[in-house]
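Working notes for the structure below.
Nothing in this text is a laboratory measurement; each read-out follows from the coordinates by a stated rule. Bear in mind that the values here come from a model prediction, so they are computed numbers and not experimental data. Note that we place each Cβ from the backbone using ideal geometry, even for glycine, and neighbour counts take in every protein chain shown.
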Amino acid sequence: MSLIALVYRSRKTKVLSQTELEDMVAKAAKHNRSLVISGFLISTTNEYFQYLEGRPSDVKAVMEKITQDPRHTELKSYSFPIKSRICRSWNMRLASESRWENIGYLDLIRSMIDLKVPDKNKDEVFNRRTLHLIQKVNDEYPTSD
């Protein structure tokens, strides 16, 4: 089966309470489970960062829905093929912002998304680095839904 990974960041149009955020993630997990999509969301004060993996048509359909969601603006994303899933047991997980902000992870993802320019010679290295960062999140949150 062909799989892709998609990473995006967006600016929030509205700050959600923790309960609203958890409800949003629970709904996404249920929807993603039906499409066999896995991934996680990091919510900061002003931004969302999300990683999704699954069949290309399913991931693209979810991304299309996200781009229409009024909670997002200034959305930037990129996707690339992957050989296997990293977040196998997560349909959607809410990851802690503070842990990743402290080690510079969010700045790195922000930079990677902003600087992503199609270049076939650099794509493989860029994608490997992205997957390495995603693996760090997965390792930090090993429990299943």
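In whole percents, the pair-distance distribution calculated for segment 44-83 from its alpha-carbon pairs, binned every 5 Å from zero, is 5, 18, 34, 23, 14, 6, 1. With R₀ set to 22 Å, the beta-carbon distance separating Gln18 from Leu75 gives a calculated FRET efficiency near 0.45.
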